[in-house]
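Below is one structure, written out as structure tokens, with a few remarks after it.
The values are calculated or read from the model by the stated rules, or taken from the named source; none is laboratory data. Values in this document were obtained by computation on a predicted structure and should not be read as measured data. Ideal geometry is used to build each Cβ from the backbone, glycine not excepted, and the neighbour counts take in all protein chains shown.
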Amino acid sequence: MGYKKISMLILVLISFIAFSGCITSNYHKSNQRYKNARREFRIPKGKSVAIFKGLWAGEETIDGKVFYRLLFNGVLKGKNRYLHIMVQKAPQMRSTYRVGQSGHLEATGKRVEMPGLVIVRESEFHRSGPISAYLVLRFSAIQNMKAFYAIFNQKRGEKSSPVAIMKTYYNYTIPKEKYPLALVYLDFSNIFKYSINAVIWKMNDGGKPVVSCNGTEIDKYDGPHMIIDWKVRKKLFYALRQAGYIGTVIGDIVTSPVQLIMLILEMQVGPVVR
């Protein structure tokens with residue numbers, strides 16, 4: 001057997017092993033999408049960005065850390081569902097490292113200030129009050145990076161205008177400024193992970209808005225800082241879907257010869273239409 005034939009056989013065998021779980025892999029992705037917390041959010045059709053108004057709802061201590069609480073109504077599907085976005089009041093302090101003479105990372109002994117933690121959760125707590133928070137919820141993979149960085153690059157203690165940011169990058173007019181005032185950017189464009197950036201401004205002694213605190217988080221939708229009730233999603237139905245893995249494994253075993261033939265055809269004549 002020639003070298004080329006042996007190489008082709010090895011490539012086919014390796015590809016077959018990876019390809020043989022096609023049904024199970026696709027089913028797993030479908031299950032991940034079903035349990036995704038973003039299914040509970042209102043996603044307007046035909047829009048890449050939606051803006052929701054909210055209010056300042058005081059402070060709350062979680063695990064010994066103080067958080068500002070922002071409250072939004074109408075973001076989640078259904079009635080009487082309230083979204084709370086908790087922004088850590090103090091910055092997170094992180095250790096810094098350097099590459100030592102041994103080639104390994106070593107602690108420098110210095111700590112740097114990082115944005116605080118942001119927790120997204122559903123709660124029954126609700127109150128009324130003046131509008132003082134705005135949530136920018138993005139769904140499209142195409143985004144204006146200048147708009148993203150306008151919020152992301154805000155630094156604690158710096159002067160800036162949340163009103164100007166909303167007008168410049170989202171053509172949105174904040175009619176009456178009420179401080180403390182918060183802007184939150186929640187990105188749902190990724191199917192399996194979300195990112196969130198929150199900035200809170202307060203008025204300084206000179207009557208100018210100054211960044212009081214900021215927070216950021218990137219995590220999976222079922223991560224510890226995205227806590228949304230199952231209402232649109234059904235836990236019983238999800239459990240039944242989980243049991244369906246038995247059928248997908250059997251399906252992969254039964255159809256594996258067909259999958260192998262399709263793979264060989266693709267290698268010989270190009271992609272086969274499925």
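Matching residues to (1) farther than 26 Å from Phe192 by Cα; (2) touching an Asp or Glu at 6+ places or on another chain (Cβ under 8 Å); (3) touching a residue at least 60 places away in the same chain (Cβ under 8 Å); (4) not assigned by TED's automatic domain parsing to the domain that holds Cys213:
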| residue | (1), (2), (3), (4) |
| --- | --- |
| Lys47 | no, no, yes, no |
| Gly58 | yes, no, no, no |
| Arg69 | no, yes, no, no |
| Ile85 | no, no, yes, no |
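Every test in (1) hydroxyl-bearing (Ser, Thr, Tyr); (2) surrounded by fewer than 13 Cβ atoms within 10 Å (Cβ to Cβ); (3) under 13 Å from the mean Cα position of the chain (by Cα) is passed by Ser128 save one, and that test is (3).
Give the residue that is modelled with the highest pLDDT, with candidates limited to residues of the range 14-51 that are assigned to a strand (DSSP E or B) and aliphatic (A, V, I, L, M). Walk me through how you get there before you give the answer.
To start, the set of residues in the range 14-51 that are assigned to a strand (DSSP E or B) comprises 41, 49-51.
Then drop every residue that is not aliphatic (A, V, I, L, M), which leaves 49-51.
Values: Val49: 88, Ala50: 92, Ile51: 95.
The extreme case among them is Ile51.
The set of residues in the range 179-217 that are among the acidic types (Asp, Glu) and touching a Phe, Trp or Tyr at 6+ places or on another chain (Cβ under 9 Å) comprises Asp187, Glu217.
Is at least one residue of the range 160-168 surrounded by 15 or more Cβ atoms within 10 Å (Cβ to Cβ), closer than 15 Å to Tyr68 by Cα and in the same structural domain as Lys77 (by TED's automatic domain parsing)? So far as the range 160-168 goes, no, none of its residues is surrounded by 15 or more Cβ atoms within 10 Å (Cβ to Cβ), closer than 15 Å to Tyr68 by Cα and in the same structural domain as Lys77 (by TED's automatic domain parsing).
Please work out which residue is modelled with the lowest pLDDT, limiting yourself to the range 84-123 and to residues that are outside any strand (DSSP E or B) and in contact with a Pro (Cβ under 8 Å, 6 or more places away or on another chain). Talk me through it step by step, then tell me what you get.
So in the range 84-123, the residues outside any strand (DSSP E or B) come out as 89-91, 100-104, 115, 117.
Keeping just the survivors that are in contact with a Pro (Cβ under 8 Å, 6 or more places away or on another chain) gives 91, 115.
Values: Pro91: 90, Pro115: 93.
The extreme case among them is Pro91.
When the range 124-142 is examined, which residues are found to be outside any loop (DSSP other than H, G, I, E, B) and not charged (D, E, K, R)? Break it down stepwise before answering.
Residues of the range 124-142 outside any loop (DSSP other than H, G, I, E, B): 131-138.
Once the filter is applied, which keeps residues that are outside any loop (DSSP other than H, G, I, E, B) and not charged (D, E, K, R), the range 124-142 yields Ile131, Ser132, Ala133, Tyr134, Leu135, Val136, Leu137.
Which residue is surrounded by the fewest Cβ atoms within 10 Å (Cβ to Cβ), if the candidates are limited to the range 105-125 and must be within 14 Å of Cys213 (Cα to Cα) and not acidic (Asp, Glu)? Result: Met114.
For the range 131-168, name all the residues that are polar (S, T, N, Q) and either farther than 23 Å from Phe188 by Cβ or under 19 Å from the mean Cα position of the chain (by Cα) (or both). Before you say what the answer is, go through the steps one by one.
The initial filter retains those residues of the range 131-168 that are polar (S, T, N, Q), namely 132, 140, 143-144, 153-154, 160-161, 168.
Within the range 131-168, Ser132, Ser140, Gln143, Asn144, Asn153, Ser160, Ser161 meet the criteria.
Within the range 133-146, residues that are over 21 Å from Glu40 (Cα atoms) sit with their Cβ atoms under 9 Å from residues that are modelled with pLDDT of 85 or more and among the acidic types (Asp, Glu), at 6+ positions apart or across chains, in these pairs: Gln143/Asp187. Scanning the range 72-116 for residues that are farther than 23 Å from Trp56 by Cα and of a type in the set (Lys, Arg) gives Arg94, Arg98, Lys110, Arg111. Of all the listed residues (Ser95, Ser102), the sole one being out of contact with any strand residue (DSSP E or B) (no Cβ under 6 Å at 6 or more places or on another chain) and surrounded by fewer than 15 Cβ atoms within 10 Å (Cβ to Cβ) is Ser102.
Restricting attention to the range 196-210, which residues are hydrophobic (A, V, I, L, M, F, W, C), touching a Pro at 6+ places or on another chain (Cβ under 9 Å) and farther than 28 Å from Arg38 by Cβ? Give the derivation first.
Here is the first cut: in the range 196-210, the residues hydrophobic (A, V, I, L, M, F, W, C) are 196, 198-201, 203, 210.
Restricting the remaining residues to those that are touching a Pro at 6+ places or on another chain (Cβ under 9 Å) gives 198-201, 203.
Within the range 196-210, Met203 is the sole residue that qualifies.
Which of the residues spanning the range 189-215 are under 22 Å from the mean Cα position of the chain (by Cα) and crowded, with 20+ Cβ neighbours inside 10 Å? Lay out the reasoning, then the answer.
Taking the range 189-215 and keeping what is under 22 Å from the mean Cα position of the chain (by Cα), we get 189-200, 213-215.
Passing the criteria: Tyr194, Ile196, Asn197, Ala198, Val199, Ile200, Cys213, Asn214, Gly215.
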